[in-house]
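Please treat every number below as a calculation from the coordinates, not as lab data. Quantities reported herein were computed from a predicted structural model and do not represent experimental measurements. Please note: Cβ atoms are built from the backbone with ideal geometry, for glycine as well, and neighbour counts cover all protein chains shown.
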């Protein structure tokens, strides 16, 4: 009887393993925004180093690999989206608090990975001579 229960449970619940997750990577340039920036600085957020294969160290995307689909979301500082492109987004913030960025990368086979990145605020007295901090 026990074998029958296990066999039936496997028929209903056993299937192929879930798709392997990709690797989601966020690069930000510049790395921080000056306090009180007032949407003056464009922060380029790139997912170009993301990969359809799971990796601890970002790898180059293999030639012919299906593209990943990216979804960006933000919290913390107010944000204005300036430009979207296939593997990135350009934004500006008020510079009154850090910007928290969330990137979800989805592979064609259904695998999904999410990563977080914070664009911090730099106080003017900590970057003397930096043109972004008056």
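Descriptive notes on the structure:
- Ordering of 29-35, 106-112 by packing is 29-35, 106-112, highest average first (other Cβ atoms within 10 Å, averaged per residue).
- Histogram of C-alpha separations across the stretch 16-111, 10 Å bin width, %: 16, 43, 26, 13, 2, 0
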